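Accompanying notes for the structure given below.
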Amino acid sequence: MNPFGNIVKQAQKIQERIAEVQKELVNKQVEASSGGGMVTVIANGRQEILSVKIDPSVINLQDVDMLEDLVIAAVNEALRKSQELVSEEMSKVTGGIKIPGLM
């Protein structure tokens with residue numbers, strides 16, 4: 001087989017493995033919290049928020065802004081961790097080569 005044929009075959013294998021990893025990422029989870037654990041968010045490897053837990057002691061109707069800030073901070077951290085998880089998993093497949101639109 002010519003060198004170009006080998007490259008195409010390798011690219012197809014990488015593409016198949018990337019599709020497998022993307023399916024697996026649905027089942028991988030990351031957790032982030034804010035306010036010393038008062039708000040905890042769990043996300044999966046597809047940047048989907050799976051759960052939000054709020055400690056009842058942080059609920060204060062007189063200070064809703066603080067609770068909103070804690071939720072935003074925890075969600076953003078969970079999404080950041082999820083993106084980091086995706087990058088790590090994809091770099092295992094691609095050998096660290098950054099493929100535009102993939103990560």
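The values are calculated or read from the model by the stated rules, or taken from the named source; none is laboratory data. Nothing here was measured: the structure is a model prediction, and the numbers come from that model. Virtual Cβ from ideal backbone geometry, glycine too; neighbours counted across all protein chains shown.
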Look at SER57 and say whether it is loosely packed, with under 14 Cβ neighbours inside 10 Å and either within 20 Å of the chain's Cα centre (by Cα) or small (Gly, Ala, Ser) (or both). yes
Pick from GLU89, GLU16, GLU24, GLU20: which is exposed (fewer than 13 other Cβ atoms within 10 Å of the Cβ), charged (D, E, K, R) and in contact (Cβ under 8 Å) with a residue 60 or more places away in the chain? GLU24
Tell me which residues, restricted to region 23-44, are part of a strand (DSSP E or B) and among the aliphatic types (A, V, I, L, M). VAL30, ALA32, VAL39, VAL41, ILE42, ALA43
Please enumerate the residues belonging to region 54-74 that are touching a Ser or Thr at 6+ places or on another chain (Cβ under 9 Å) and among the aliphatic types (A, V, I, L, M). ILE54, LEU70, VAL71, ILE72, ALA73, ALA74
Exactly one of (1) assigned to a loop (DSSP other than H, G, I, E, B); (2) modelled with pLDDT under 90 is unmet by ASN6. Its number? (1)
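Here is a yes/no grid of residues against (1) farther than 30 Å from GLY95 by Cβ; (2) at pLDDT 95 or above; (3) acidic (Asp, Glu); (4) outside any loop (DSSP other than H, G, I, E, B):
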{"position": "VAL21", "(1), (2), (3), (4)": "no, no, no, yes"}
{"position": "ARG46", "(1), (2), (3), (4)": "no, no, no, no"}
{"position": "LYS53", "(1), (2), (3), (4)": "yes, yes, no, yes"}
{"position": "ASP65", "(1), (2), (3), (4)": "yes, yes, yes, yes"}
{"position": "LEU70", "(1), (2), (3), (4)": "yes, yes, no, yes"}
{"position": "ALA74", "(1), (2), (3), (4)": "yes, yes, no, yes"}
